[in-house]
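Working notes, beginning with the structure itself.
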Amino acid sequence: MIKTLFLIVFVFLITGCSQEKASLEEVLIEKMSEDKDQQDYNIPPEEMAACVLTEIDRQIPGFMFGPGRDKFYAAYKIYLGSNNSKNILNAINASEETFGSKESARKAFFAVSDHIFLCMGAVMGTAEDE
C-alpha cells in the first residue's frame, strides 16, 4: 500500500513538473522562432529551445524532477513571455520569493541571454560538423 502511494505521489510530481517544463519549452520555441539572427543562420528553434532549457535546468537548484522545480519553470515562462521592460520588472518582482531575492531573480533571468549565445554557438557548431 505504501509503495503504491509513493509511486502515485512520485508520478504526480513528475507530471506536474513536466507540464511546466513543456510549457516553458513552448515559450522558448516561440521566442527562438521570432529571433532574426536565428532565422538568418537557419538555426532550428526547437534545437535552440532544447539547449536553452537544458542550461536553465542546470541553473535551477535541486535535483531533476524534484519538488519545487515547477515554480522556477513558471517564473522563467513569465519572464520569457514578457515583451517590454515594465513586464520584465514585474516578472522579476513576482519571482523574488521563488529565487530568494530580486537580485537572484534578476541574475537568473538575465543569464538566459548567456544561455542563448552559448547555445547559438553550440547548435551552429553541430550543424557545421554534419
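Results, tabulated for the structure shown:
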{"item": "Over the range 12-92, volume per residue of the alpha carbon convex hull, in Å³", "result": "87"}
{"item": "Expected-Rg normalisation [2.2 N^0.38 Å, Cα atoms] applied to the range 79-130", "result": "1.47"}
{"item": "Reachable lysines from LYS107, criterion Cα separation under 25 angstrom, eight or more residues apart if same chain", "result": "LYS21, LYS31, LYS36, LYS71, LYS77, LYS86"}
{"item": "Neighbourhood charge, 12 Å Cβ-Cβ cut-off, centred on THR54 and excluding it, Lys, Arg +1 and Asp, Glu -1", "result": "-2"}
{"item": "Centroid-to-centroid separation of the range 31-49 and the range 58-106 [C-alpha atoms, Å]", "result": "23"}
{"item": "Exposure proxy ranking, count of Cβ atoms within 10 Å, fewest first, for MET48, MET124", "result": "MET124, MET48"}
{"item": "Distant alpha-carbon pairs in the range 37-130 (separation over 24 angstrom), percent", "result": "27"}
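Every read-out reported here was derived from the displayed coordinates using simple, explicitly stated rules and does not represent laboratory data. It should be emphasised that the depicted structure is a prediction, and the values quoted were computed from it without experimental measurement. Reconstructed Cβ throughout: ideal geometry from the backbone, glycine too, with neighbour counts over all protein chains shown.
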